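Step one of this worksheet: look at the structure below.
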Amino acid sequence: MAGEPQPDCLFCKIAAGEIPATVLRKTERTLTFRDINPQAPTHLLVIPHAHYPNAAALAAAEPEIAGELLAEAGAAAAEEGLSDYRLIFNTGAGAGQTIFHAHVHVLGGRALHERMV
Ligand code: 5GP
Ligand code: ZN
């Protein structure tokens, strides 16, 4: 079924609490945690609990959760004291996606004209 947990997916395991992460925010449908290899002073990831391979697939199947992902990204950035930040959705290995569970990167804390991911 669409959105079901996938056995070999790292972010499904983080969403289920089976692999630890530094969690900042949790809602019924999303989780926000720190990236393990930060590319900026603040580098967060917001994921849906449901498994979709990328953000567009999530939005096509469950637009409300896709909207919540953005709202959570904004709320987490505000909690981190960021007024300026960058949201990135890598889609496809050729674009740098390494984990095929939808997520948005929240990057901030230094000049945003520099490339970050
Ligand atoms: P992608 O390259 O797929 O857009 O982003 C995946 C992100 O997940 C990378 O920035 C990578 O540092 C992060 N990441 C990979 N493994 C882990 C992990 O075990 N824990 C956390 N918190 N982040 C991870
Ligand atoms: Zn997954």
Integer Hz, Karplus 6.51/-1.76/1.60 couplings in order for segment 62-74, x for Gly and Pro:
9, x, 5, 5, 4, x, 5, 4, 5, 4, 5, 4, x
Any chance you could run the full-extension gain for ARG25 through ALA75? It's 0.36 nm times the residue separation minus the Cα-Cα distance, nm to one decimal.
17.1 nm
Nearest-0.05 FRET efficiency for GLU18 and ALA56 at R0 = 35 Å, using Cβ-Cβ distance, is 0.85
Exposure proxy check on VAL23, VAL104: fewest-to-most Cβ neighbours within 10 Å is VAL23, VAL104
For Cα pairs less than 8 Å apart in space and 6+ apart in sequence, what is the mean separation divided by the residue count of the chain, i.e. the relative contact order in percent?
29 percent
Charges only on Cβ, +1 for Lys and Arg, -1 for Asp and Glu: so what's the dipole of segment 10-109 about the Cα centre, in debye to the nearest 20?
200 debye
Is the C-alpha gyration tensor of segment 1-99 telling us rounded, prolate or oblate? Criteria: a/c under 1.5 is rounded; beyond that, a/b larger than b/c is prolate, otherwise oblate.
rounded
Under a plain spin-label model, where a point goes 7 Å from the Cα along Cα-to-Cβ, how far apart in nm are GLU64 and LEU87?
1.9 nm
Along segment 20-28, Karplus-curve 3J(HN,Hα) (6.51, -1.76, 1.60; θ = phi - 60°) to the nearest Hz, with x for Gly and Pro, reads x, 8, 7, 8, 9, 9, 9, 10, 4
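No lab work stands behind these numbers, since they all come straight from the coordinates. In this text the structure is predicted, and so the values were computed from the model without any measurement. Cβ coordinates were reconstructed from backbone atoms using ideal geometry, including for glycine residues, and neighbour counts include every protein chain displayed.
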